[in-house]
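Working notes, beginning with the structure itself.
A short reminder: the numbers here are calculations on the coordinates, not readings from a lab. Keep in mind it's a predicted model, so treat the numbers as computed, not measured. Cβ: placed from backbone, ideal geometry, glycine included. Neighbour counts: every protein chain shown.
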Amino acid sequence: MMKKIFILVFITSFLFSCKCQKTDSAAKLDGTWELNYITGPRITFDGLYPNKKPTITFNTKDNQISGNNSCNSYTGKLAVNGNKIDLTQPMAVTKMMCVDGQQGEQTYMSTLQKITSYDITDDGKTLNLISGDIAMMRFTKK
């Protein structure tokens, strides 16, 4: 009888610990991140974003994403499952006129659409947004 209770307690604690870990990993996304690398364009990062670096804010509790693409603000639905992330849902974007950084804004928004997963460093300070197995964007926690 004691052996059955021990096994039951062990299995129960294992199930709860796994559930907590999964919740914690998605919760690590929460907060605001600032872009410091984007793949693709031939223009330098500072050339793409001369005045303001793009930001992204995750709210996993409400399944919301928002931020600024260096000129305009955006908001939309967030779908996260483990380390898989779907940012292909239509987003609402403001339409301010931006003289500098227009190519950076377009590059940022189109790259977001390609993201399929994410990775956060162990220290919780760096977020990589990944397409397939290629890191497309890197952010630093603000």
For segment 36-142, what relative contact order do you get, as a whole percent, if you take Cα pairs closer than 8 Å and at least 6 residues apart?
24 percent
Using the alpha carbon gyration tensor of segment 81-142, what are the three equivalent-ellipsoid semi-axes (square root of 5 times each eigenvalue), largest first, in whole Å?
24, 15, 11
About its Cα centre, segment 69-142 carries a charge dipole, from +1 on Lys and Arg Cβ atoms and -1 on Asp and Glu Cβ atoms, whose size in debye to the nearest 20 is 180 debye
